[in-house]
Structures are given as structure tokens and as C-alpha cells.
Amino acid sequence: MDKPHRVVLEERAAAGTLTRTAVSHIGFSVPDLAATVQFYSRVLGLVVQREFSDGRVRLGWGGGHHVIELVEGPKALRHYGFEVRDRDGVEGIAARLTAAGHTVEPLDADYIDAAAGTPHGIAAADPHGTPVHFHTVVQRHGETTADTGRRPIKYQHITLGTDNVAAMVAFFVDQIGFRISDQLADGRFAWLRSDRDHHTLAVVDIGRGGDIDHYSYDLSQWEDFKAWCDRLTDETVDVTWGPGRHGPGNNLFVFFDDPAGNHIELSAEMEKFHDDRATYVPRRWQPIPNTVNLWGGQLAAWRKTSEGM
């Protein structure tokens, strides 16, 4: 078999501008709204925080910002958002996007549960046309009261599916201000950071854009994984991949699906980067199964790599 083409993704322009930005919320349309709401409540401990006249339902962990918005319809990613804690971060993103010719609009204020001051945010479209939100600091006190055996600590990262990794990386690195932590050597997977975590966003080639590959919730520690795998079994939710340990990020993982078929990851022990204290060069991992799962290279049914299949 011919060796795959080697690709080097580069950081330009605004790379590294954001250092205190995290995932905020995500929105899906799902074929069975009632079943999906019940699933997230029963399995992940989310509660309904608000219902809208147009059928949308928002869920979170009690007090504070919502985590997920659901509406009935064909399975799709409707939007995703980031909480920008960097000083003047939202304004900087807006200026860079506008200068690059992107349309930037004010974010509907009801997407923001402010922690202090006057909340504000913006909405734009990523290279596949999916709305992406950037907003100021929100209340998240509901995340700090977790019984880690019964619910995750927080929503941790999103991995977007695409057919053009380079374009997605250029958008989020060169214009938004993320940095590249790692990539596969064939250019088909990249992990991006916007705070100390190894990645708050990843991008993987799945042959199409405008969808997610998976999204992830954070557990506290390795000991929680046994309780969670037993709990998923008790709830008749199949583990679809793992437990294992990723190479990029070095984080522990286990995967399962929601009723719509969205892949959900539970993760722990994410690698930390300290850009204010050290210089890092993006690593280029071999595109083989043992990269995305160090523990023997077992792959999920939907995961493909260039070599070793």
C-alpha cells in the first residue's frame, strides 16, 4: 500500500490569541425529542432549564449556563458555542472575522447567562456554514457540584467532522485565535487548544462537513470510569469504544451514543499546555490505530485511519 501523503498544518496570523476560552454549549436537532431529553436527564444528569414555544428545549446542570439545546427534526448539528474569557476576546474575534470578509451578527442575548457586567456575544458561520457562537463569561456554578459517579464535571470539547481539515484549522487558528496542539501526519485530524487543555476543539476528516464526529464531557479521574461503565450497563446504554487512552491529549476515554446516534465521549486526565511558560511545537502523530488508542489500537466502528487497517 502506498504511504499516505504527509501534510503539515501551520499556525499563522492570530494563532494563540485566545488563552482562556472554553466550549460553552451545543445545539442538535434529533428525530425523537422526548426520548433524547429523557436520555440526557437519566444518563448525564442534565435537567430541563427552559422550553421554547418553537419546540426547542435547553438542558443544563441546574443553575448556570445551559449545555445543550435540542429540537425535533432530522439528526443534525444546529450550532455550537464558546465562552471567551480572554479580555476583549469577543471584540477581537469579531474584528478579525469582519476583516476576513465573514458576516458577524450579535448573538441572541438569551444564549448568555452572564456572570457579571453586560453580557454580549457574536454569531458567525464556520467554513461549512454551521453557526458558531462566541460570548463573554457565563454562570457555571451548576458544574461545580457534581457527584462524579452520577454526572460529569463539565462539557469539555467538541470534535467537528469535515471534508477539509486545512480550511477548518485556518478558520479557527488564523482568524479565531486557537493554536494547534497535535495533528495526524496525513493532515486528516487536528487538535486545537484555546486554554490550557490540550484541545477544546478537534477537527477530523469524515468525508463531509457540517456535522460532529463526537463531543465530550469531563470526568474527574480514572476511578470514575469503572462506575460509569457499570452505570451505562445498568441503564442499557452500550459502550461503543473504550475504555482507552488517546495519544494526542493523553486523555482517558469511553464512548457511547445518544438516541439520535451522536457519539458522546467521557474523558479524564487531559494533557495541559502552558504557553506562558514553555514553547511547544505541534506534534505530528502517525495515522495508525495505536495513535488514537494507545491501549492496543482498538478502533470505534466509525473511526478510520490511513494506515494499519
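The values are calculated or read from the model by the stated rules, or taken from the named source; none is laboratory data. Please read these numbers as outputs of a predicted model, since none were measured by experiment. Counting neighbours? That spans all protein chains shown, and the Cβs are built from the backbone with ideal geometry, glycine included.
May I ask you to list the residues in region 262-302 that are of a type in the set (A, V, I, L, M, F, W, C), touching a Gly at 6+ places or on another chain (Cβ under 7 Å) and in a loop (DSSP other than H, G, I, E, B)? Outline the logic, then answer.
As a first pass, look at region 262-302 and keep what is of a type in the set (A, V, I, L, M, F, W, C): 264, 266, 268, 270, 273, 278, 281, 285, 288, 292, 294-295, 299-302.
Adding the requirement that they be touching a Gly at 6+ places or on another chain (Cβ under 7 Å) leaves 270, 285, 288, 292, 294-295.
Listed by number, the residues that qualify are 270, 288, 294, 295.
Could you tell me whether residue 249 is of a type outside the set (A, V, I, L, M) and assigned to a strand (DSSP E or B)? Talk me through it step by step, then tell me what you get.
Working: of a type outside the set (A, V, I, L, M): yes; assigned to a strand (DSSP E or B): no.
No, not satisfied.
Of everything in region 185-234 that's among the charged types (D, E, K, R) and part of a strand (DSSP E or B), which residue is surrounded by the fewest Cβ atoms within 10 Å (Cβ to Cβ)? Quick ask: steps written out before the conclusion?
First pass over region 185-234, keeping only residues among the charged types (D, E, K, R): 186, 188, 193, 195-197, 205, 208, 211, 213, 218, 223-224, 226, 230-231, 234.
If we keep only those that are part of a strand (DSSP E or B) too, we end up with 193, 197, 205, 211, 213, 218.
Working: 193: 28, 197: 21, 205: 22, 211: 15, 213: 21, 218: 22.
Among those that are among the charged types (D, E, K, R) and part of a strand (DSSP E or B), it is 211.
Does region 27-34 contain at least one residue that is touching an Asp or Glu at 6+ places or on another chain (Cβ under 8 Å), acidic (Asp, Glu) and more than 21 Å from residue 176 (Cβ to Cβ)? Talk me through it step by step, then tell me what you get.
Here is the first cut: in region 27-34, the ones touching an Asp or Glu at 6+ places or on another chain (Cβ under 8 Å) are 27-33.
Narrowing the set further to residues that are acidic (Asp, Glu) leaves 32.
Then keep just the ones that are more than 21 Å from residue 176 (Cβ to Cβ); that gives 32.
Scanning region 27-34, I find at least one residue that is touching an Asp or Glu at 6+ places or on another chain (Cβ under 8 Å), acidic (Asp, Glu) and more than 21 Å from residue 176 (Cβ to Cβ), so the answer is yes.
Mind counting the residues in region 86-129 that are within 20 Å of the chain's Cα centre (by Cα) and either among the acidic types (Asp, Glu) or at pLDDT 95 or above (or both)? Talk me through it step by step, then tell me what you get.
Our first condition is that a residue be within 20 Å of the chain's Cα centre (by Cα); within region 86-129, this holds for 86, 89-90, 93, 107, 111-113, 121-129.
In the following step, the residues that additionally are either among the acidic types (Asp, Glu) or at pLDDT 95 or above (or both) were identified as 86, 89-90, 93, 107, 113, 121-129.
The qualifying residues number 15.
Given the residues 248, 287, which is the only one that is buried (at least 19 other Cβ atoms within 10 Å of the Cβ) and more than 24 Å from residue 21 (Cα to Cα)?
Numbers: 248 fails: more than 24 Å from residue 21 (Cα to Cα).
The unique qualifying residue is 287.
Looking at (1) closer than 28 Å to residue 227 by Cβ; (2) hydroxyl-bearing (Ser, Thr, Tyr); (3) more than 21 Å from the chain's Cα centre (by Cα), which is the one condition that is false for residue 24?
It is condition (3) that residue 24 fails.
Based on this model, can you work out whether residue 197 counts as in contact with a Lys or Arg (Cβ under 7 Å, 6 or more places away or on another chain), closer than 16 Å to residue 253 by Cα and at pLDDT below 95?
Numbers: in contact with a Lys or Arg (Cβ under 7 Å, 6 or more places away or on another chain): yes; closer than 16 Å to residue 253 by Cα: yes; at pLDDT below 95: no.
In short, no.
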